[in-house]
Structures are given as C-alpha cells and as structure tokens.
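Input: a single structure, listed below in structure tokens.
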Amino acid sequence: MEGELSIIGNKYQIGKRIGGGSFGQIFEVIDTESQKHYAAKLEHISHKSPQVINEAKLLKSLGSSEGIPRVRWYGVQGRFNVMVMELLGKSLEELFNSCRRRFSIKTCLMLGLQFLELIEAIHKKDVIHRDIKPENYVMGINKKTHLVYMIDFGLSKRFRDRVTNLHIPFKENRNLVGTARYASINNHIGVEQSRRDDLESIGYVLIYFAKGNLPWQGNNPTNKHQKYHKIMETKLRTSVGELCRGLPQEFQNYINYCRNLSFNSNPDYEYLKGLFKTVAAKFQIGMDKIYDWSEDPKPKSKKLESRKVKRTKKKKSTLEVPETNQKSSSVVNTCNLGKWPEFKDVTKIRLELEKLKTRDKLEVTPDEKPSCTLF
Ligand SMILES: Nc1ncnc2c1ncn2[C@@H]1O[C@H](COP(=O)(O)OP(=O)(O)OP(=O)(O)O)[C@@H](O)[C@H]1O
Ligand SMILES: [Mg+2]
C-alpha cells in the first residue's frame with residue numbers, strides 16, 4: 001500500500017502501519033511542514049461497503065469534543081479513500097491483553113464513566129455509534145494518556161433529524177450491524193438500533209473487562225450465520241444475574257435498565273453514571289485515572305511490590321481461565337436473522353424476552369449489601 005501511495009493531501013508522508021480492521025488500514029503519517037505525527041485511515045476505493053469518507057464527514061460534524069478524534073484532512077487519494085486524524089494510543093483490547101485479560105473493578109468503573117460521557121456527547125449530536133467494542137476505544141497520547149477516545153464511526157448513523165428533532169422510525173427485520181459479541185438483543189433480533197443499543201453494548205464491554213469473558217464467547221460454529229445464531233441464543237438464555245455473577249449488583253441494574261428502555265426513549269445517563277459512582281463509593285475506590293496498565297507514579301518498596309504480586313496471583317487462581325483471544329470483527333448487512341427458520345417468528349422471541357425480563361426482575365434485589373467476588 002505504501003508503495004502505491006507515499007504522500008497524502010500533498011503533505012502527509014506515510015509511515016508505519018499501526019492498525020487495521022475489517023474496513024481500513026491505519027498508518028502513522030507525518031505532516032512534512034510541521035513534522036507533527038497523525039494517523040491516516042485508508043480504504044481501497046473498490047471496497048464493497050466503503051465508509052471512510054462518510055466517517056470523516058460524520059466525525060467533522062461531531063465537532064471538537066473531548067475523546068473524539070479530530071479530523072485533519074479527508075478525500076480520495078490514488079486508489080484510496082483517506083482520512084487523516086489525530087494520532088492516538090493503544091486500544092483497550094490491546095491494553096486488556098497486556099493486563100492478562102482482566103481489568104480491576106477500579107479500571108472498569110473509570111472506563112465505564114468515560115464511556116457514558118462519550119456516548120452521551122455523541123447521542124447529543126444525534127448520532128448513534130453502532131459498533132461499541134474494546135477495539136474501538138483507544139487511549140490518548142502525550143498529555144491525554146489518561147483519556148479514553150471513541151473511534152471508528154464507520155457504522156454510525158443519525159437517529160434524529162438535526163432540524164426537526166424527529167427520531168428515526170421503529171423498524172424490524174434489519175440486518176445485524178456492529179459486532180455480534182457486544183450486540184444488544186434487539187440488534188440480534190433485527191430491530192433498528194437506537195440509543196439504547198449503544199448503552200447495552202457498553203454494559204457487555206464492561207462485564208467482559210471485569211470478568212475476562214462473556215458467556216457467549218468460545219462456541220465453535222462452522223459458519224458466520226451459525227456463530228451469530230449461537231451468540232444470540234446464549235445471550236437470551238443467560239440470565240442477567242448469571243451474566244453479572246461476582247460483580248456488584250449495580251452491573252445487573254445497568255443491563256436491566258438498558259434492556260428495558262424503549263426504542264426512542266431518552267436514556268437517563270446520569271442514573272447510569274450514578275450506578276458506577278455508587279459502586280466506587282461503596283468500595284471506597286478513588287477515581288484517580290490510574291489504570292491497571294498505568295505506570296505506578298510512586299514506586300513502592302520491593303516488599304510491598306512482591307506482596308501485591310502474590311495477592312494478584314491468588315485472586316486470578318480463583319477465577320475461570322480467560323477465554324481465547326478471538327478477534328471480534330464488525331459486520332454490516334451480512335446476517336439477517338429473519339432468514340433462519342428457528343428465529344423467523346419475532347413475536348415468539350418477544351414473548352420469550354418478556355419472560356426473561358420477568359425472570360431477571362425477580363433476581364434483582366436492590367437493597368442487597370455490597371457483595372461481589374471478583375475484586
Ligand atoms: N487515530 C488513531 N490512532 C492510533 N491508532 C488508531 C487510530 N485509529 C484507529 N487506530 C487503530 O486501528 C484499529 C482499527 O481502526 P478502525 O477501528 O477505525 O478500523 P476498522 O477497519 O473500521 O475496524 P473494524 O474492524 O472495527 O471495523 C483500531 O482498533 C486502533 O487500534
Ligand atoms: Mg474498529
């Protein structure tokens with residue numbers, strides 16, 4: 001790719017490749033005038049569902065907001081659609097791997113609060129992200145190393161008209177858009193996505209970080225359709241209590257709240273943030289932006305360090321072995337659940353969902369004393 005294209009927009013020199021997904025390849029680029037480093041997302045113009053140019057326009061329309069990458073330049077260059085943007089750091093999936101695929105509850109809460117701030121800001125601009133997953137959150141660099149950024153708006157959509165404020169209409173029989181592992185139940189069953197689906201996915205990402213895996217990971221399907229089917233089935237079968245076992249009660253409340261939101265309701269972000277703040281207060285966790293992967297600013301004595309290692313080891317041994325690191329990739333228009341005979345009858349699924357909601361409600365005991373086993 002570098003051979004065919006070495007300079008973008010007459011001034012950005014292409015450097016090393018820093019990432020890539022199902023849609024684009026990400027390169028570090030250097031502004032030959034200022035010598036500053038940026039990132040460029042390149043997508044071949046023949047891609048069957050091109051999105052980089054739309055992504056750039058959408059990002060521009062979001063304006064400058066903390067935690068949203070700034071776009072410097074976009075356009076067609078040679079045989080590529082290109083977007084030059086702010087250079088950022090490692091993705092949360094990479095950091096999760098470097099932390100042996102388990103984040104402490106403190107890191108989960110600090111991330112959770114930022115995820116909610118970010119998604120609220122994006123929703124305020126009438127946009128839903130539709131592909132919430134650990135690979136699409138990256139940390140900032142230099143003075144912004146403590147800050148989470150939301151990236152990859154390739155599958156995002158406007159859910160509300162900017163002028164009339166009119167919400168998009170409720171639709172069924174839609175294809176799954178996003179990443180099956182973190183997809184909401186409604187996304188699986190073909191309901192048009194809205195704000196509630198982004199929030200439900202955030203919940204799954206946080207549970208994945210806190211527990212090391214999700215119950216619907218690790219099945220060995222023979223094809224993609226079977227895989228999505230299996231994921232949905234397990235998602236429907238797993239009670240919220242089981243999904244959040246070992247975590248503070250507030251995680252269950254979070255999932256139940258999201259699953260009970262109606263299609264066009266305005267989510268109560270403050271309530272959701274409050275859940276995480278409550279956990280922090282109950283367990284006296286200081287939200288100091290020092291994450292599991294951050295370097296300890298005050299090196300402790302050797303004795304203390306070794307004690308910490310021992311404790312960590314013991315804690316890990318009581319938990320299940322983290323599941324294999326399978327890549328979760330985004331999809332669009334590839335899976336229509338309505339085509340599968342077992343899930344043809346959406347009304348039946350709805351009835352099942354209602355039963356599940358009742359079951360999950362019965363499991364919730366809001367006044368429960370703080371109890372959790374994972375931290
Ligand atoms: N501005 C950036 N700075 C640094 N790294 C980045 C930047 N943008 C993306 N990346 C890295 O590249 C990876 C892929 O980027 P992105 O998600 O935008 O591509 P994609 O092809 O749309 O991916 P997907 O498979 O999620 O659809 C990210 O997970 C991240 O690690
Ligand atoms: Mg991505």
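Ordering D126, D197 by the number of other Cβ atoms within 10 Å of each residue's own Cβ, fewest first, gives D126, D197. When K235, K36 are arranged by Cβ crowding within 10 Å, least crowded first, meaning fewest neighbours, the order is K36, K235. Restricting the calculation to Cα atoms, every distinct pair contributes to the Kirkwood radius of region 7-86, found to be 12.7 Å.
Full extension of the chain between K171 and R158 gives 3.2 nm of extra length, using 0.36 nm per residue less the Cα-Cα distance.
When K157, K143 are sorted by how many other C-beta atoms sit within 10 angstrom of their C-beta, beginning with the fewest, the order is K143, K157. Here region 175-208 is scanned for amide nitrogen atoms under 18 Å from the site 7 Å beyond the Cα of S61 along Cα-to-Cβ, giving 193-195.
Can you list the residues of region 82-102 with backbone N under 11 Å from a point 7 Å past the Cα of I30, pointing along Cα to Cβ? Answer for this model: none.
No lab work stands behind these numbers, since they all come straight from the coordinates. Every value quoted in this text rests on a predicted model; they were computed, and no experiment measured them. Cβ atoms come from the backbone with ideal geometry, glycine included; neighbour counts cover every protein chain shown.
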